[in-house]
1. Report, as an integer, the average count of C-beta atoms from other chains found within 10 Å of each Cβ along B:21-32.
2. Mind running the shape call on chain B? Use the C-alpha gyration tensor, a ≥ b ≥ c as the square roots of the eigenvalues: rounded below 1.5 for a/c, prolate if a/b tops b/c, oblate otherwise.
3. Work out the length of the dipole vector of region A:332-487 about its Cα centre, built from +1 on the beta-carbon of each Lys and Arg and -1 on the beta-carbon of each Asp and Glu, and round it to the nearest 20 debye.
4. Once you sort the root eigenvalues of the Cα gyration tensor of region A:140-180 as a ≥ b ≥ c, which label holds: rounded (a/c under 1.5), prolate (a/b larger than b/c) or oblate (the other case)?
5. Suppose each label sits 7 Å from its Cα in the direction of the beta carbon; what would the A:R13-B:R20 distance come out to in nanometres?
6. If you scale each eigenvalue of the Cα gyration tensor by 5 and take the root, what three semi-axes come out for region B:1-45, rounded to whole angstrom and sorted largest first?
7. Taking other Cβ within 10 Å of each residue's Cβ, how do A:S219, A:S155 sort, fewest first?
8. What ranking do A:K379, A:K121 get, fewest neighbouring Cβ atoms within 10 angstrom at the top?
Amino acid sequence: MSAGGARALDLARDIAAGERSAVAVAQAHLDRIAEHDGLVHAFNVVTADAALARAAEVDRAVAAGEPVGPLAGVPIAVKDNLATRGVETTCSSKILQGWVPPYDATVVQRIAAAGAVVVGKTNLDEFAMGSSTENSAFGPTRNPVRTDRVPGGSSGGSAAAVAADFAPIALGSDTGGSIRQPASFCGVVGVKPTYGLVSRYGLVAFASSLDQVGPFANSVADAALLLDAIAGPDPADATSIPQAAEAVLPRLDEGVAGLRVGIVSELLGEGIAPDVAARVREAAEALAAAGAEVVEVSVPAVTYGLSAYYLIAPAEASSNLARFDGVRYGLRVDAPTTNEMMVATRTAGFGDEVQRRIMLGTYALSAGYYDAFYGKAQKVRTLIGRDFAAAYEQADVLLSPTAPTTAFELGAIADPLTMYLNDICTIPTNLAGHAAMSVPFGTGDDGLPVGVQVLAPALGEVPMFRAAAVVEAAAPAPAAFEIAGSK
Amino acid sequence: MSARITRDDVAHVAALARLRLDEEHLDLFTGQLAAILEHAEDVEALDLSDVPPTSHPFPLVNVARPDVAGPTLSNDDALAAAPSAQDGRFRVPTILGEAP
């Protein structure tokens, strides 16, 4: 069989029914990885032997009539900032190169319990800091749709893996848009769940009040399938929501009749490419045609999201990344004293963007500057929450672009602040702790995928997915592409 | 909001963060951090005087689990990735006697 385009729901159903072999499915995807990942570089490591052994175990369980989970035999790619027991976990950083975790992240345990087959760990911007996957210590990932373009970031490897049919589903993490923006660039579905809906245990921390694990998929239904498998309370994560998560997949086909959809006016004007804005308006028309009440809403404070985020996230990162000190795991550069060893280790181990954010955060938190920078950013965060709350009195879900443009060329953006502007539409959701997802909807003038973002308040996943399903059904059929180009 | 970040500030912050910057990176980062901080000054347009800060999406207070012993990592597992270990402990270079 070929790996091409199979959906997770179909694979899991057929494998559980004994109509397809999990080993054959795994092998087909591994073959596709072997053929194309030299160019795309979605993976830091491909776990072929473990995947085939796991798939054989699924086939054995099916043959024996034992219960198998909702992801039985489905290949999945896992972002390389999620701890995997016995498999190197690097965060695409030299400081963690060679680290083999002694435990699995909760989401990794859950996908295993659901029957999924991990095919490898995916590339990312170092410690998830970036919007293009060019900040990886192991080299960039290329966008499979057009390989001279970036896949977005920071979960660029996971987005590329799904777009390239290396795996029908993948896990990523989203701190300021790191699932949604690469999903938009690669033409796949990407979901940032409500903060606390999915456990962060075993996710290497970047900014703890913003980080959230979520799914990538080639369809809205597959994304719902994966979200349902990983969502729910976890005693190992004190910030996980204690109530049981509401299953999304069974509610997917309820439609949008009577659903109030608000177009965010601040995210359709300045800074947004006209072709991208046009696709968002077309998606809104499709929702209206399906019975939704479409209105325009204002969320004024979102325009300050970037400023608040690029103080809050680095501040939290500077604290979280203090643990990488050459003492317990990871890189150590030897020096006569412990302090000199820590300085030498961190200087050699962290790349430029990580060092830049550590310093930005350290500065924002330092004596004399705390109130002026970090304190003000926290107040802006409050305003963003208030403005969203007002908007959600007028609408059940909101609509915006996911990213201001389609995928740009590798190497095109060198200035950090210009790169950060990629995140203007996605950051406000993280600051508010809400849910949002990107759904492919046609292409830009350059023929590259455009993502439409559906936003929802905390625990608004069900109406968000219902709207996303309608957007997906109305979207122009994506253009077929061949993975082609030279390294 | 405040004075523009200087090269000396960046060197000081690097020391606090246990990073050592060469001359080229000191110059590069000083310019880049200044640009990012200048952009952040757009929030000066907002009246934040009566706005409380938000540090976290949800108002969580002292989340605790029942005090019941469960499985933990073994000493060997915890030390398996250590750059240096001895007698069941992490080993580091000299600590005492060095400047803070």
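1. Neighbouring Cβ atoms belonging to other protein chains average 2 per residue here.
2. oblate
3. 500 debye
4. oblate
5. Placing both labels 7 Å beyond Cα along the Cβ direction yields 6.2 nm.
6. Taking √(5λ) for each eigenvalue gives 22, 11, 8 Å, largest first.
7. A:S219, A:S155
8. A:K379, A:K121
Rule-based calculations on the coordinates, nothing more; no lab input. In this text, all values refer to a predicted model and were calculated from it rather than measured experimentally. Cβ sites come from the backbone with ideal geometry, for glycine too, and all protein chains shown count toward neighbours.
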